[in-house]
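Structure first, then comments.
Where a number appears in this text, it was derived from the coordinates with a stated rule and is not lab data. Note that this is a predicted model, so its numbers are computed, not measured. Reconstructed Cβ throughout: ideal geometry from the backbone, glycine too, with neighbour counts over all protein chains shown.
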Amino acid sequence: MIKPVLVLSLLLFSLPTFLLDFKKDKLVMFASLSNYGCDFDGDKLGDLSIWDPKTSTLYFQLTSDNKFYVKKFFDTELSFQPVFADYDGDHRTDFVFYQPDTGQWISYLTSAPGLPQKTFLGAVNDYPIPISLNGSKKYDIALWRPGVGLWALPVPNSDKPYSLHNQGGASDSAFAADYDGDGKSDLGIWRSETGYWYIDKSSTGYDPNRGESIQHGKDWDVIVPNDYDGDGRCDLVFWRPQDQTWYFLYAANRSTTQVQFGGKNDIPLSCDLTGDGIPELVMWNMSKKSWNILDLKTRQTFSYKWEVPDGSLPANAVLQKFE
Ligand SMILES: [Ca+2]
Ligand SMILES: [Ca+2]
Ligand SMILES: [Ca+2]
Ligand SMILES: [Ca+2]
């Protein structure tokens with residue numbers, strides 16, 4: 001249940017924590033930001049973007065003019081993590097960043113691009129997760145703290161800054177997406193050890209006893225939840241690196257399907273690049289620096305090579321955890 005308790009943590013450390021070592025024994029990768037979309041120019045076509053954490057530079061292409069843009073955001077040793085979504089409700093994705101060592105959020109809203117807003121919410125090891133609790137598809141900052149399994153959520157129409165909600169624990173990953181289709185974000189946990197998704201739904205007051213628990217996937221899978229059939233409900237989808245296959249479980253009727261697409265070391269995400277309401281499957285190959293895209297409707301594939309620095313990553317794929 002949600003308890004109204006204030007949580008604001010500010011810890012000042014300066015350890016570069018954006019880990020990019022793919023040679024570790026285990027990589028638990030989590031591409032959760034796909035379901036927020038990535039459309040900077042607001043033409044309903046997804047814009048591809050790549051983030052270089054070493055230089056805090058964003059490389060992106062806008063669909064409205066097909067031009068490439070390079071934008072350096074920060075001149076500091078600190079690492080910043082893109083947490084892109086539409087925070088001001090103008091249907092254009094905003095450049096919002098989270099600084100994991102200090103818990104600082106810096107927001108360049110499309111409605112006020114020259115005036116970055118700065119807020120503190122979070123501490124070391126927290127996960128920044130945008131959330132929309134009032135059904136407007138306008139997102140607010142929120143976070144999930146794995147050690148204690150706790151969400152800090154905004155409180156709509158209240159002067160209470162944050163409320164807390166218990167869900168999940170240290171070995172889990174968390175995401176927020178609209179699973180039940182009422183327009184409001186639901187709170188989700190992915191437990192990779194057992195392959196369970198736990199969803200506390202807005203339509204049942206986020207009551208954990210009336211939530212969903214669904215087994216779909218296993219350890220090493222990479223989850224990419226998004227609405228893949230355009231019915232307004234986020235579908236439970238993961239990509240399995242071993243067999244390079246996407247495993248779909250649709251929210252509406254729990255039907256499943258599989259699509260083999262991608263290469264073993266790719267990073268999976270999804271984004272509606274054609275504007276038909278159905279996200280394309282998108283793979284980023286870090287070594288070749290290439291996009292490989294599958295249109296689920298037409299089964300056409302596209303490939304693009306980008307000139308970006310080594311170690312750059314898709315801006316709307318969050319790597320939540322390495323072990
Ligand atoms: Ca666009
Ligand atoms: Ca916006
Ligand atoms: Ca919902
Ligand atoms: Ca769906």
**Report entry** Taking Lys201, Lys305 and counting other C-beta atoms within 10 Å, the order from fewest to most
**Finding:** Lys305, Lys201
Report summary line: Residue-ordered couplings for the stretch 36-42, obtained by feeding phi - 60° into the Karplus form 6.51 cos²θ - 1.76 cosθ + 1.60 and rounding to whole Hz (Gly and Pro as x), are 7, x, 8, 9, 5, 9, x
Query raised in the report: So, how do all the Cα-to-Cα distances of the stretch 156-305 break down into 5 Å bins, in percent, from 0 on up?
Result: 2, 9, 17, 20, 19, 14, 10, 6, 3, 1
**Report entry** Computed magnitude of the charge dipole of the chain (debye, nearest 20; Cβ of K, R +1, Cβ of D, E -1)
**Finding:** 460 debye
Query - Which of Ser312, Ser111 has the fewest Cβ neighbours within 10 Å, and the rest in rising order - result: Ser111, Ser312
Report summary line: Inter-part gap, Cα centre of the stretch 35-85 to Cα centre of the stretch 173-241, in whole angstrom, is 26 Å
**Report entry** Cross-link table Lys138/Lys160; Lys71/Lys305; Lys137/Lys218; Lys72/Lys184, entries beyond 24 Å C-alpha to C-alpha
**Finding:** Lys137/Lys218; Lys72/Lys184
Report summary line: Length-normalised contact order of the stretch 269-312, Cα under 8 Å, at least 6 apart, in percent, tallies to 28 percent
Query raised in the report: Under 12 Å Cα-Cα from Lys67, which aspartates and glutamates qualify once same-chain neighbours fewer than 8 residues away are excluded?
Result: Asp41, Asp47
Report summary line: Here the Cα Rg-to-2.2 N^0.38 Å ratio for the chain is 0.92
